[in-house]
Amino acid sequence: MGTGEWTSTSLPYLAAHSGIRGDAWAAEAAAEGRRGGQRIVRAGEVAASAEVAGLLGVPFGGPVVARRRIMYLDDEPCELTDTYYPLDIAGGTALAGTAKIKGGAIRLLAELGHVGARVREDVTARPATDHECEQLRLAAGEPVLQLTRLTLDGTDRPIQADVMAMPPRRQKLRYEIRIG
């Protein structure tokens, strides 16, 4: 793997009992001898877009809680992550604020009684928006990978939706699936 590439797995971000204390992103980067960080750009209630409404099963334009972050690897922006929660789960909690959440969002969700049991991830490639080019320091016309992750509880209720944009030249996504 070249110095500019990054291999990421999803598991540390899905289980409250993953064994990672604190920031899973920083821990994953540190395990590879790198520095990972994040900046929370904004958080709070927003109107659900058509995509988010479809993911979370809420009405289009209805209120949801959103957290927008810029992820950094070795001080370079490498990913834009927007995370959405149903208002009745996240409203009035630390998920609606801009402070880092001690133990992470997945652990807080579990403490609130919402544990992920199933995850669906979709990865697509598309042209970067002007905003993404600016935030990720991309040239006009460069593509991004969009990873959309939906976390559902044991009753198949959506509890969290993540929409991430990342430059493909810096990413390698790894999926390991245990059968049986």
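The phi torsions of the stretch 124-133, fed into the Karplus equation with coefficients 6.51, -1.76 and 1.60 and a -60° offset, translate into couplings of 10, 10, 7, x, 5, 6, 4, 4, 5, 4 Hz, rounded to whole numbers, with Gly and Pro shown as x. Kindly identify the stretch 27-100 as rounded, prolate or oblate by the Cα gyration tensor criterion: order the square roots of the eigenvalues as a ≥ b ≥ c, call it rounded if a/c is under 1.5, otherwise compare a/b with b/c, prolate if a/b is larger, else oblate. Because a/c hits 1.5 or more and a/b exceeds b/c, the stretch 27-100 counts as prolate.
Sorting check: for 130-137, 51-58, 145-152, 172-179, which peptide has the highest mean count of neighbouring beta carbons within 10 Å, and how do the rest follow?
Numbers: 130-137: 14.6, 51-58: 17.9, 145-152: 19.4, 172-179: 7.6.
Descending mean neighbour count gives 145-152, 51-58, 130-137, 172-179.
Once Rh is set to the Kirkwood radius over Cα pairs, what Stokes-Einstein translational diffusion coefficient, in µm²/s, holds for the stretch 71-133 at a temperature of 10 °C and a viscosity of 1.306 mPa s? Roughly 110 µm²/s, to the nearest whole number. What the Kirkwood sum gives for the stretch 63-180 is a hydrodynamic radius of 15.6 Å, with every pair of different alpha carbons counted.
Evaluating 6.51 cos²θ - 1.76 cosθ + 1.60 at θ = phi - 60° for every residue in the stretch 52-66, the Karplus couplings come out as 5, 4, x, 5, 8, x, 10, x, 4, x, x, x, 9, 9, 10 Hz, glycine and proline recorded as x.
Given axes a ≥ b ≥ c from the Cα gyration tensor, I'd like to know whether the stretch 131-174 is rounded (a/c under 1.5), prolate (a/b larger than b/c) or oblate.
Values: a/c = 4.63, a/b = 2.47, b/c = 1.87.
It is prolate, given that a/c is not under 1.5 and a/b is the larger ratio.
Residue-wise HN-Hα couplings along the stretch 104-109, as the Karplus relation 6.51 cos²θ - 1.76 cosθ + 1.60 with θ = phi - 60° gives them from phi, are x, 5, 5, 5, 5, 4 Hz; Gly and Pro carry x. Packing, taken as the mean count of other beta carbons within 10 Å per residue, orders the peptides 162-168, 27-33 from highest to lowest as 162-168, 27-33. On the basis of the beta-carbon distance and an R0 of 35 Å, Arg157 and Ala31 show a calculated FRET efficiency of 0.60.
Read-outs throughout are calculated quantities, based only on the coordinates presented, and are distinct from any laboratory measurement. Note that the structure is predicted; figures quoted are calculated from it, not measured. Don't worry about glycine lacking a Cβ; one is built from the backbone with ideal geometry, like all the others, and counts go over all protein chains shown.
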